[in-house]
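First up is the structure itself, then whatever we jot down about it.
Bear in mind these aren't lab numbers, they're just calculated from the coordinates by the rules spelled out. Note that the coordinates shown come from a computational prediction; the quantities given were computed from them, not determined experimentally. Cβ coordinates were reconstructed from backbone atoms using ideal geometry, including for glycine residues, and neighbour counts include every protein chain displayed.
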Amino acid sequence: MVQQAALLSPERIVSEFQKNGVTHVITIPDSETNYLYELMKEQPWLDVISSCREGETMAIAMGLSIAGKTPVCLIQNTGMMESGDSIRGMALGSGLPLVMVVGYRGWTRHGITPDSAAVYTEPFLNAFGIHYYLVEHDADGDRISLAFQEAKATNKPVVVLIGDEYHGFNR
Amino acid sequence: MFNAADMFKAFGKHRDKAIVIATGTSGRHWREASTDMKRDVALGGSMGQTTAACLGLALGLPNEKVCLFDSEGSLLMNLGILPTVSGKQPKNFYHFLMDNECYATTGGQPVANAQNLDWAGMAKSAGYAATYHFDNLEDFASNVGDIMKKAGPVFVSMKIVPEIENEPIGRRQRQPAGRSRGEMIRDLREIAGVKVS
Ligand SMILES: Cc1ncc(C[n+]2csc(CCOP(=O)(O)OP(=O)(O)O)c2C)c(N)n1
Ligand SMILES: [Mg+2]
């Protein structure tokens, strides 16, 4: 039970999306997000858009934002790094708010990781000047709302890093 | 092959109230043909991603026709967008491709396998609802009216004469500054009745 309480549940993420008026999630999954995907598909208020490459997600989000919708990009850190030019031109360049929820593959609490995807994640975000929040378990869920507030206040992309060492959002 | 300027004139007669996004070297001719600037929007910013931005716009504004005039080098950069589009089947999305077989902006280097790509075939097998291919103005001009009445996603491949740029970028003649992205977004939201809290 103690272990259970330390988890970040997909329900918590979906409820944060609903609370913040999310209309669309544009996503390429990481290997353990299947339950989150299924849960999102069950929500009548949410449209899930399957993308083929992460750089698409920021561009689709820009189009949706112009149309007055509230999109979220849900991707892995690997795909975020692959999307550098789209983050530059379509997310930062749009002057519109955007929350990107990014699976922190390779993240560990003790800081030592064999996965270079984790090693470069925060330096990458810092290079772009993109602010981020780390969410590890349900108790951190409020930070997702903070990210939405910040994106709206600054008209910029803000990242939520999902660093769930146990549950597997990070694999 | 036919000229972009002529192609846009022919399209303009059937545009009605569609939102138009024109990209690449050929796209600049739309400025001369358009009579409804507030429904024109630039969604560039990252090569290969304008198609995705137009998909987002079409999904967000299902009651507006969204017409993208794409370029083949950019589309090749993110070919996966074809099934991303067809996976959502946006009925209001009209995807025109101005295929000049080269990277005209950067000096006219041929794109990979430039002359042998079956674009309409690729879009069709990716799942677009209707696909077309034109290599002359007459056929295009006599069909575009009907095409604009089809349910999307529609793909229209066109062989367009390249207009190759060879001046170093800093020495090129600049287009007169248009509206900023913020102004375009504001205009488009006003027209489409989009309210943002
Ligand atoms: C990611 C990226 N790679 C390369 C470039 C350089 N570049 C600018 S325009 C262009 C060619 C575009 O070709 P196409 O989309 O066919 O349009 P055309 O110039 O033929 O009208 C290239 C390679 C860039 N802007 N961004
Ligand atoms: Mg070209």
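With charges only on Cβ, +1 for K and R and -1 for D and E, what is the dipole size of region B:4-162 about its Cα centre, in debye, rounded to 20? Spell out each step's value before the answer.
Values: 15 positive and 15 negative charges, 119 e Å.
About 580 debye.
When a/c is below 1.5 the answer is rounded, else prolate if a/b is larger than b/c, else oblate, so apply that to region B:69-141 with a ≥ b ≥ c taken from the square roots of the Cα gyration tensor eigenvalues. Numbers along the way, then the final one.
Working: a/c = 1.95, a/b = 1.35, b/c = 1.44.
Oblate, because a/c is 1.5 or more while a/b does not exceed b/c.
Only helices enter this figure: runs of n ≥ 4 DSSP H residues, each worth -39500 (n - 2.57), summed and divided by the residues of the protein assembly as shown, yield -10500 deg cm²/dmol at 222 nm to the nearest 500.
What's the average, rounded to a whole number, of partner chain beta-carbon atoms within 10 Å of each residue's beta-carbon in B:84-90?
On the way: counts 9, 2, 0, 4, 4, 0, 0.
Mean shielding count: 3.
Sites count as exposed loop sites when they are chymotrypsin sites (Phe, Trp or Tyr not before Pro), lie in a DSSP loop, and have at most 14 other Cβ atoms within 10 angstrom; the longest stretch of chain A without one is A:46-165.
Which percent, to the nearest 5, of DSSP beta bridges fully inside region B:4-162 are antiparallel?
Values: 2 of 24 bridges.
Here the antiparallel bridges make up roughly 10 percent for region B:4-162.
For the residue pairs B:K9/B:K65; B:K65/B:K149; A:K156/B:K88, the alpha carbons lie more than 20 Å apart in A:K156/B:K88. Averaging Cα coordinates gives a centre for region B:84-100 and one for region B:18-78; these two points are 11 Å apart.
What does the C-alpha gyration tensor say about the overall shape of region B:4-162? Classify as rounded when a/c is under 1.5, otherwise prolate if a/b is larger than b/c, or oblate. Walk me through the numbers before you get to the answer.
Details: a/c = 1.27, a/b = 1.11, b/c = 1.15.
Because its axes are fairly even, with a/c under 1.5, region B:4-162 counts as rounded.
Charging the Cβ of each Asp and Glu at -1 and of each Lys and Arg at +1, and nothing else, the dipole of region A:53-156 about its Cα centre rounds to 260 debye. Using a Gaussian network model of chain B in which every pair of alpha carbons under 10 angstrom is joined by a spring, one finds that among B:N116, B:N166, B:N100 the greatest mean-square fluctuation is at B:N116.
Note on A:T113 and B:K38: their simple-model spin labels are 4.9 nm apart, each label 7 Å out from Cα toward Cβ. At R0 = 35 Å, how high is the FRET efficiency between B:A5 and B:T106 if r is their beta carbon distance? Nearest 0.05 is fine. It comes to 0.95.
How well do other chains shield peptide B:56-65, expressed as the mean number of their Cβ atoms within 10 Å of each residue Cβ? Please report the intermediate quantities before stating the final value.
On the way: counts 18, 9, 4, 11, 13, 6, 1, 0, 1, 0.
If you average over the peptide's residues, the count of other-chain Cβ atoms is 6.
For chain B, leaving out every one of the trypsin sites (Lys or Arg not before Pro) that falls in a DSSP loop and has at most 15 other Cβ atoms within 10 Å, the longest unbroken run is B:29-90.
Which value, in debye to the nearest 20, gives the size of the charge dipole of the protein assembly as shown about its Cα centre, when Lys and Arg are +1 and Asp and Glu are -1 at the Cβ?
Roughly 1080 debye, rounded to the nearest 20.
Taking 7 Å steps out from each Cα toward its Cβ at A:V48 and B:Q173 produces label points 5.2 nm apart. Each of the peptides B:45-52, A:78-85 was scored by the mean count of other Cβ atoms within 10 Å over its residues; in descending order, highest first, they stand as B:45-52, A:78-85.
Roughly how crowded by other chains is peptide B:179-189, in terms of the mean Cβ count from those chains within 10 Å of each of its Cβ atoms? Please report the intermediate quantities before stating the final value.
Values: counts 0, 1, 6, 4, 0, 1, 7, 1, 0, 2, 3.
Average neighbour count from other chains, rounded to a whole number: 2.
Qualifying trypsin sites (Lys or Arg not before Pro) in region A:72-154, where qualification requires a DSSP coil assignment and no more than 13 other C-beta atoms within 10 Å, comprise A:R109. Inter-part distance, region A:38-59 to region B:123-164, computed on C-alpha centroids, equals 28 Å.
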